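First the structure, in the form of structure tokens, and then the observations on it.
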Amino acid sequence: MCWLCSCVAGSWASRCAWFSFCQISSVEGEIFLSSIGSGCSSRLQPCLAMSTATGTFSLQQPLNYRAGGRVEPVDGGQTEDVYEPATGRVITKLLCSGEKEVDLAVQSAKAAFQTWSRTSGMERCRVLLEAARLIRERRDEIATLETINNGKSILEARVDIDISWQCLEYYAGLAGSLAGEHIQLPGGSFGYTRREPLGVCVGIGAWNYPFQIACWKSAPALACGNAMVFKPSPFTPISVLKLAEIFTEAGAPKGLFNVVQGGVATGQFLCHHPDVAKISFTGSVPTGVKIMEMAAKGIKPVTLELGGKSPLIIFSDCSLENAVNGALMANFLTQGEVCCNGTRVFVERKILDTFTKEVVKRTQKIKVGDPLQEDTRMGALINRPHLERVQRFIKQAKEQGAQVLCGGDLYVPDDPKLKNGFYMQPCVLGNCRDDMTCVQEEIFGPVMSILPFDTEEEVVERANNTKFGLAGGVFTRDIQKAHRVVAALKAGMCFINNYNISPVELPFGGYKSSGFGRENGRAAIEYYSQLKTVCVEMGDVESVF
Ligand SMILES: NC(=O)C1=CN([C@@H]2O[C@H](COP(=O)(O)OP(=O)(O)OC[C@H]3O[C@@H](n4cnc5c(N)ncnc54)[C@H](O)[C@@H]3O)[C@@H](O)[C@H]2O)C=CC1
Ligand SMILES: C[N+](C)(C)CCCC(=O)O
């Protein structure tokens, strides 16, 4: 399956037209991203101006979006620096929203909910389809923004945007078919169920897939008739504004999708707000715990997409080439900053040396550097503290007896404008044991740990011996073994003979400390709607009194 859009690679008749497009397209010259709203009233006015050359992007305030336009937050005042990871340059200062601004955003969503929740599924479908079309049309602009603010390669950012519009298309398709059940009861009486929206949903996002996370949350939420207030990570506040503008342009009522910017305090105001009906969170486990505690106080349902330390099991009867490709996909997308990465790579001892040699060879060839260059395959990590954290994990791994087989060092590109960027060489660790910190903790960086195993029974037990349960993968040509092993894995998202592809049709989410609730697929509908049961009496009331 094609990594880019989950079609069968090479079938150009399908959606993979995008594959060829992304291979050949390059963004040239000056691009102006227009904006709607009080801050920038004209569609033609350049609000987010950028050029392809890393280091020249400039961003204009305001960065909140409410009631169909960009607005200055009415309170807050705390500021955060927003970086371009590729150059280490501060792009802008983020104004964190206070309690009043959060309330205004929630009230704006509440007002839009009144009209949106009364529309038919088909009407919602049309708005989502138009929004998907606009994202497709502006794919390169949005991908470039994502690369500038997140540091991932432009090739990957384009794929993220493709997955995003596919998500909107998918839920547009479902919106018109949301329905309840009809249940016959004795004496001609009957019951039926209605699938109703929840109200104002809050989305809180992480920084690794800023635009995609916003789409994975907003598409099912809006399809079900809800309104949303979204808070991106303060590290990546930019691209979601494009989504907000697109929803308005696509015909969504003003206030249906709002953006509040900020960090912990802003997130807390949102979670505590009495008019918020649901919280969908993507982020770390410790924050997930806090979100759940806050939600408990208001009896609000939550979806938690948290961290992972997923196993990837390579049996000796696999296709070695596919397994090596799979291991690279499982570890090095987005500089390794991926929650479902298969960072514990268990390799059957018989092929340990061959596999390891090949993985190391391929890892050494990964081109690290300016993420806006077409041939770059790994860009910069999100910020300096995170880069240093990843470095500490590698140092500790060495102290605990792991062997660095390649990479792990900081990388300083030759280009002088990139010298303050947050780069490192992707790293493969050998001689790993299950008790090492690098094997137990989520590193969220480009660090693969290789662990030998001898039997199926042993590897399944070791694979499950973790507090996390987000994903898992198996490479083997033995189909019975493949299904037996994934059935035994305690993880929400399992892959057989591939890893880290994201067809939006498939539900995604974790077991154990990796969270609960599902994004994508039909399953997400359950988490953005509530069921009303109506019992209809066709006869007389038989009273016991
Ligand atoms: N399962 C999944 O789908 C994904 C999980 N993640 C996980 O996210 C982590 C990295 O992302 P980070 O942004 O560093 O996580 P984080 O937990 O620090 O922050 C995530 C979001 O929560 C907000 N936040 C932080 N404290 C809060 C509080 N007390 N109340 C309300 N909001 C609060 C942040 O401002 C940010 O928007 C990794 O552990 C990774 O595994 C990341 C992406 C996807
Ligand atoms: C898109 N994919 C599968 C590589 C990662 C999605 C989960 C995340 O946000 O980390």
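The values are calculated or read from the model by the stated rules, or taken from the named source; none is laboratory data. As the structure is a prediction and not an experimental result, all values here were calculated from the model. As a convention, Cβ positions derive from the backbone with ideal geometry for all residues, glycine included, and neighbour counts pool all protein chains shown. The area values use the complete protein model at the heavy-atom level, side chains included, leaving out ligands, DNA and RNA. Shrake-Rupley method; radii C 1.70, N 1.55, O 1.52, S 1.80 Å.
Key figures for this structure:
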read-out	value
Every residue from region 419-459 that is crowded, with 23+ Cβ neighbours inside 10 Å and over 21 Å from Cys340 (Cα atoms)	Gly421, Phe422, Tyr423
Strands (runs of 3 or more DSSP E) fully within region 44-155 counting 1 or more residues that are among the small types (Gly, Ala, Ser)	46-51, 69-71, 76-84, 89-97
Filtered residues of region 115-135 (kept if surrounded by fewer than 20 Cβ atoms within 10 Å (Cβ to Cβ) and of a type in the set (Lys, Arg))	Arg118, Arg126, Arg133
Subset of region 283-298 that is of a type outside the set (A, V, I, L, M, F, W, C) and part of a helix (DSSP H, G or I) - its residue that is farthest from ligand 2 (Cβ to nearest atom)	Lys297
Some residue of region 461-482 being assigned to a helix (DSSP H, G or I), touching a helix residue (DSSP H, G or I) at 6+ places or on another chain (Cβ under 6 Å) and either modelled with pLDDT of 95 or more or of a type outside the set (Phe, Trp, Tyr) (or both)	no
Any chance Ala214 is under 30 Å from Arg158 (Cβ atoms) and within 15 Å of ligand 1 (Cβ to nearest atom)	yes
Cβ pairs under 8 Å, 6+ apart, first in region 347-367 and touching a residue at least 60 places away in the same chain (Cβ under 8 Å), second open to solvent by 100 Å² or more (accessible area, probe 1.4 Å)	Ile366/Arg377
In region 299-330, the residues that are over 19 Å from Val459 (Cα atoms), more than 13 Å from ligand 1 (Cβ to nearest atom) and either part of a helix (DSSP H, G or I) or open to solvent by less than 10 Å² (accessible area, probe 1.4 Å) (or both)	Glu321, Asn322, Asn325, Leu328, Met329
Any pair with Cβ under 9 angstrom, 6 or more apart, that starts in region 151-165 at a residue that is within 11 Å of ligand 2 (Cβ to nearest atom) and ends at one that is open to solvent by less than 10 Å² (accessible area, probe 1.4 Å) and among the hydroxyl-bearing types (Ser, Thr, Tyr)	Lys152/Thr334; Glu156/Thr147; Glu156/Thr334; Asp160/Thr334
Pairs where the first residue, in region 328-345, is at pLDDT 95 or above and of a type in the set (Asp, Glu) and the second is more than 9 Å from ligand 2 (Cβ to nearest atom) and outside any helix (DSSP H, G or I), C-beta under 9 Å, 6+ apart	Glu337/Gly151; Glu337/Lys152; Glu337/Trp207; Glu337/Leu381; Glu337/Ile382; Glu337/Phe444; Glu337/Gly445; Glu337/Pro446
Filter result for the condition that a residue is over 29 Å from Cys167 (Cα atoms), more than 16 Å from ligand 1 (Cβ to nearest atom), in contact (Cβ under 8 Å) with a residue 60 or more places away in the chain and surrounded by fewer than 16 Cβ atoms within 10 Å (Cβ to Cβ), over Val536, Val485	Val536
